[in-house]
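The structure appears below as structure tokens.
No lab work stands behind these numbers, since they all come straight from the coordinates. Remember, predicted model here, so these are calculated numbers, not experimental data. Methodologically, a virtual Cβ is constructed for each residue, glycine included, from the backbone with ideal geometry; neighbour enumeration extends over all protein chains shown.
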Amino acid sequence: MHTTTDAEFSTALRDAGLKATAPRRSVLRVLETNQHADAAAIFESVLHDLPDTSLQAVYGVLSALTEVGLVRRIEPAGSPALYERRIGDNHHHVVCTQCGAVRDVDCVVGEAPCLTPSNTAGYAISTADVTFWGVCPDCQKATD
């Protein structure tokens, strides 16, 4: 697995039209290994690199990164917003109804938008955002 360097993060940020600041690189670094993390967890990890940062600053960075498409924001029902670096492939998610664990699920059928709605209401559909709900293997074992 390739670990992205600070130079690569800086290039990606500049290519997206953003300044390559330490907080932005730090958030990207955290999301490289902590997929489906919420802002509070990201903040806790960023504090190791940037002890003077704030939760509000992390929210601002996440907003900017999401806006330019370097980060994807997902919002499973009953959960805070989660952020991930896996972008551009229109994958979906499965969420455990007991512990809240989230995992990626590849596109249901073919390529984006992966699904065809019965009625588009005239919209040009580009993506489908599907959340599957179930019980994860760990929670299944715990109830056996």
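Numbers below:
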item: C-alpha long axis of helix 55-67 to longest principal axis of the chain, angle in °; result: 60 degrees
item: Vicinal HN-Hα couplings computed from phi for segment 18-31 (Karplus, 6.51 cos²θ - 1.76 cosθ + 1.60; Hz; Gly/Pro x); result: 10, 6, 8, 7, 4, x, 5, 5, 5, 5, 4, 4, 4, 6
item: For Cys107, residues with placed amide H under 5 Å, excluding near neighbours; result: His92
item: For segment 6-74, size of Cβ-based charge dipole, Lys and Arg +1, Asp and Glu -1, in debye; result: 200 debye
item: Inter-centroid distance (Cα atoms) of segment 78-108 relative to segment 1-23, Å; result: 24 Å
item: Choice from Leu28, Leu115, Leu82 with maximal GNM fluctuation in the chain (Cα, 10 Å cutoff); result: Leu115
item: For the chain, built as a Gaussian network whose Cα springs stay under 10 Å, the top-fluctuating residue of Ala57, Ala121, Ala22; result: Ala121
item: Within the chain, percent of DSSP bridges classed antiparallel, to nearest 5; result: 70 percent
item: Placed amide H near Val71: partners under 5 Å, 5+ positions off or other chain; result: Thr66
item: Cα-based radius of gyration of the chain once divided by 2.2 N^0.38 Å, which approximates compact folds; result: 1.17
item: Choice from Ile87, Ile125, Ile74 with maximal GNM fluctuation in the chain (Cα, 10 Å cutoff); result: Ile125
